[in-house]
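Enquirer: Please see the structure below; I have some questions.
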Amino acid sequence: MFYLFGDSFTEGIGLIKEDDNSLNIYSLTTFDYTDFIWPNFLSKYTGEGVVNLGEGGASNHYIRESILKSVNSFSKGDTIIIGMTKSTRLSFPYYNKVKEDYRYIHVGPHSIDWVERRNKIGVKKWVDIDYSHMNVILNYYTETISRCEDYIYNRDIELLDGLVSLLNSVGCRCIVWEDFLWGETEGIADWTFGRLENYHWSPNGHKFFSTVLIYALENNISHIDLNAFKQMLPYLDPEFKRTDYIDFKTTV
Amino acid sequence: MIYTYGDSFTYGTGVRDNTTLNGKLFKSYIGQSKWSDLTWVMELKRLTGSKILNKGLGGVSNEFIIYKLLKDLSQFTKGDIVIVGGTKSLRLMTPAGEGDYSNSVLLPITHDVGEWKWESASKDTYAFDGWEVSKEQIKALISYYYEVFPKYEKLYETVYDEQYSGISEYLDKTGITCIYWDNSAWIEFEQIVEWTNRRNIDGHWSPNGHLYFARILKFCLDHNVRRLNKNRLIELKECVPMDFPYIKYTTLI
């Protein structure tokens with residue numbers, strides 16, 4: 001079994017259907033691309049089941065917490081794939097009245113504009129958090145977290161190493177991949193010829209990334225950093241010359 | 001090997017030696033070096049005969065304790081014992097720094113952050129107890145700490161409780177015994193304030209508090225108790241005797 005942790009690039013944002021489809025490809029097409037995400041490609045190739053616990057906007061803190069909350073579901077032989085995100089994201093808990101449990105809002109560089117825009121159109125809350133609080137959170141974010149990226153990145157790596165060694169000790173295999181990979185393959189903006197300004201992966205990007213993971217699995221690579229990626233690049237197909245390119249179709 | 005993680009209650013503040021926390025001096029009330037190992041960590045070492053490595057640090061947050069624990073996971077081996085003391089969820093460790101931020105540090109923020117005496121280090125920065133932080137950062141983190149953070153105290157308790165429980169259960173799976181105790185224990189054992197008859201207003205444990213807590217932990221190890229919260233502690237105090245001579249404050253000064 002594969003357990004996948006990460007942010008929107010693991011969840012499949014841009015290709016999966018959401019409550020508000022205005023920012024994903026379903027504002028442009030009726031063709032269903034929800035299955036064209038790397039977790040599905042990986043599952044098809046390996047024949048193994050996949051539990052996708054990726055969450056859009058998630059911080060590395062949240063990703064670590066999700067792993068800790070799930071550790072008791074893992075069994076010997078499982079593979080845990082951890083997609084690191086930008087180290088400058090901050091996750092902030094709030095009580096979700098509908099779910100009767102706590103959930104997180106994820107704060108990142110995108111949040112400041114987003115809150116301002118929502119504020120202008122009269123929305124006074126971000127989920128259950130008042131904007132007066134949100135502004136304090138954003139200010140704290142801007143003045144502290146966002147300025148210490150290198151420091152937090154190094155800490156994130158140390159913490160993940162600790163978690164990975166624990167998972168390895170009970171017979172789980174782990175692959176950690178870093179967020180520089182976001183820009184290494186085709187995004188939705190290119191795929192749709194600029195019609196949608198969305199930099200999440202296109203179906204081709206997802207397919208390419210699944211080949212990166214398969215290469216890592218077959219060659220016992222446990223951490224895909226920039227060096228590891230450069231070494232595997234000659235064996236991969238980032239320009240889709242050897243694989244069937246998936247065209248963007250606006251209708252079925 | 002026993003590894004202990006936590007804040008000042010694990011470190012042994014008030015008993016172990018003089019400690020500086022956020023610029024404030026916490027004196028050791030023992031005054032005699034031969035008594036300075038009357039902490040629960042040292043007592044547990046005597047009770048179990050195990051080697052012990054104390055990783056407790058005063059003033060730290062739950063996030064920091066989890067950080068230390070996760071960093072050390074690869075050191076533990078089957079048969080080790082890990083004892084983790086949770087702290088108040090209203091402690092915050094925030095990255096801070098100046099310039100290119102390459103030398104960022106973790107700044108521990110506790111309830112008295114507003115009372116800290118920051119001194120002007122340069123035109124745009126303030127310094128305090130080794131930390132140098134911009135004025136904007138201080139303003140932002142103080143508003144965050146006082147205006148927003150406390151409103152989510154209960155949530156953070158749940159968040160950290162789940163993280164500690166996850167680590168603890170998983171360590172158990174790998175043959176490493178893990179006991180997690182939360183900060184409800186702080187008021188369940190004799191504190192320096194009552195031990196010194198209010199001469200020293202310090203909520204950390206007295207030597208008697210430490211010695212008794214060590215016995216509770218020994219009982220937990222012997223009886224497979226892995227989680228200590230308020231209710232469990234009250235139950236255990238009824239069955240674990242205080243089988244050591246009470247140490248009077250006056251006998252030590």
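Coordinate-derived values only; no laboratory data. Remember, it's a predicted structure, so these values are computed and weren't measured experimentally. Ideal geometry is used to build each Cβ from the backbone, glycine not excepted, and the neighbour counts take in all protein chains shown.
Enquirer: In what sequence do A:VAL51, A:VAL176 fall when counting other Cβ within 10 Å, fewest first? Kindly include the intermediate steps, with their values, before the conclusion.
Expert: Details: A:VAL51 15, A:VAL176 22.
Fewest to most other Cβ atoms nearby, the residues stand as A:VAL51, A:VAL176.
Enquirer: Rounded, prolate or oblate: which one fits segment A:56-129, using the alpha carbon gyration tensor with axes a ≥ b ≥ c (rounded when a/c is under 1.5, else prolate when a/b beats b/c, else oblate)?
Expert: Working: a/c = 3.80, a/b = 1.82, b/c = 2.09.
Oblate, since a/c reaches 1.5 and b/c is not below a/b.
Enquirer: If you count, for every residue in A:134-141, the Cβ atoms of partner chains within 10 Å of its Cβ, what is the mean?
Expert: Values: counts 1, 3, 9, 6, 2, 7, 13, 2.
Per residue, the average neighbour count from other chains is 5.
Enquirer: Here's a follow-up. Take every residue in peptide B:209-219, count the Cβ atoms of other chains within 10 Å of its Cβ, and give the average of those counts.
Expert: 0
Enquirer: Compute a Gaussian network model of chain A, connecting alpha carbons closer than 10 Å, and tell me which residue from A:PHE209, A:PHE41, A:PHE193 fluctuates the most.
Expert: It is A:PHE193.
Enquirer: Under the classification rounded if a/c is under 1.5, otherwise prolate if a/b is larger than b/c and oblate if not, where does segment A:89-147 fall, given a ≥ b ≥ c as square roots of the Cα gyration tensor eigenvalues? Don't jump to the answer; show the numbers that get you there.
Expert: Working: a/c = 2.20, a/b = 1.22, b/c = 1.81.
Judged from the Cα gyration tensor, segment A:89-147 comes out oblate (a/c at least 1.5, b/c at or above a/b).
Enquirer: In which sequence would A:HIS110, B:HIS210, A:HIS133 go, from the one with the fewest C-beta neighbours within 10 Å to the one with the most? Before the final figure, lay out the partial values.
Expert: Values: A:HIS110 11, B:HIS210 26, A:HIS133 20.
In increasing order of surrounding Cβ atoms, one gets A:HIS110, A:HIS133, B:HIS210.
Enquirer: Starting from the Kirkwood radius over alpha-carbon pairs of chain A, derive D by Stokes-Einstein at 20 °C in a medium of 1.002 mPa s and give it in µm² s⁻¹. Before the final figure, lay out each step's value.
Expert: Working: Rh = 19.4 Å.
D, rounded to a whole number, is 110 µm²/s.
Enquirer: Moving to a separate point now. Note down the relative contact order for segment A:89-147 as a percent, whole number, built from C-alpha pairs under 8 angstrom at least six residues apart. Walk me through the numbers before you get to the answer.
Expert: On the way: 51 pairs, mean separation 19.3, N = 59.
With pairs under 8 Å counted, the relative contact order is 33 percent.
Enquirer: Mind telling me which of A:TYR151, A:TYR215, A:TYR199 comes out most flexible in a GNM of chain A, alpha-carbon contacts under 10 Å?
Expert: In the Gaussian network model the winner is A:TYR151.
Enquirer: Let me ask something else. So for each of A:220-226, B:10-16 I average, over its residues, the number of other beta carbons within 10 Å; can you give me the resulting order with the highest mean first?
Expert: Values: A:220-226: 15.3, B:10-16: 26.0.
My ranking of the peptides, most packed first, is B:10-16, A:220-226.
Enquirer: Let me ask you something else. To make sure I understand, if each residue's beta carbon is the centre and we count other beta carbons within 10 Å, what order do A:ARG173, A:ARG117 fall in, fewest to most? Could the numbers behind the result be given before it?
Expert: Working: A:ARG173 17, A:ARG117 10.
With the sparsest Cβ surroundings first, the list reads A:ARG117, A:ARG173.
Enquirer: Would you pull out the residues with amide H under 5 Å of A:TRP126's amide H, same chain only if 5 or more places away, H placed 1.01 Å from N?
Expert: A:TYR131
Enquirer: Within a Cβ distance under 12 Å of A:LEU159, other residues only, what is the Lys/Arg minus Asp/Glu net charge? Don't skip to the answer; put the middle values down first.
Expert: On the way: positive: A:ARG64, A:ARG155, B:LYS68, B:LYS71; negative: A:GLU65, A:ASP156, A:GLU158, A:ASP161, B:GLU63, B:ASP72.
Surrounding charge for A:LEU159 is -2.
Enquirer: Just tell me how shielded A:203-215 is by partners: mean number of partner chain Cβ atoms within 10 Å of each residue's Cβ, no decimals. Don't skip to the answer; put the middle values down first.
Expert: Numbers: counts 0, 0, 0, 0, 0, 0, 0, 0, 0, 0, 0, 0, 0.
Per-residue shielding by partner chains comes out at 0.
Enquirer: Let me ask another. Please say if segment A:113-252 is rounded, prolate or oblate, where rounded means a/c under 1.5 for a ≥ b ≥ c the square roots of the C-alpha gyration tensor eigenvalues, and otherwise the choice is prolate for a/b larger than b/c and oblate otherwise? Please report the intermediate quantities before stating the final value.
Expert: Details: a/c = 2.54, a/b = 1.24, b/c = 2.04.
Oblate shape, in that a/c is at least 1.5 and b/c is the bigger or equal ratio.
Enquirer: Put a dot 7 Å past each Cα toward the Cβ at A:GLU197 and B:GLU169; how far apart are the dots in nm?
Expert: Reported label-point gap for B:GLU169 and A:GLU197 is 4.5 nm.
Enquirer: Using +1 at the C-beta of Lys and Arg and -1 at the C-beta of Asp and Glu, which of A:THR250, A:PRO203, A:LEU236 has the Cα lying farthest in the positive direction of the dipole of segment A:174-252?
Expert: A:THR250
Enquirer: Direction-averaged shadow area of the convex hull around the Cα atoms of the protein assembly as shown, nm²? If you can, show how the numbers build up before the last one.
Expert: Values: hull surface 108.8 nm².
For the protein assembly as shown, averaging the hull's shadow over all directions gives 27.2 nm².
Enquirer: Separate question: Using modelled amide H (1.01 Å from N, peptide plane; none on Pro or chain starts), what sits under 5 Å from the amide H of A:VAL107, excluding residues fewer than 5 places away?
Expert: Amide H neighbours of A:VAL107, under 5 Å, 5+ apart: A:LEU90, A:SER91, A:PHE92.
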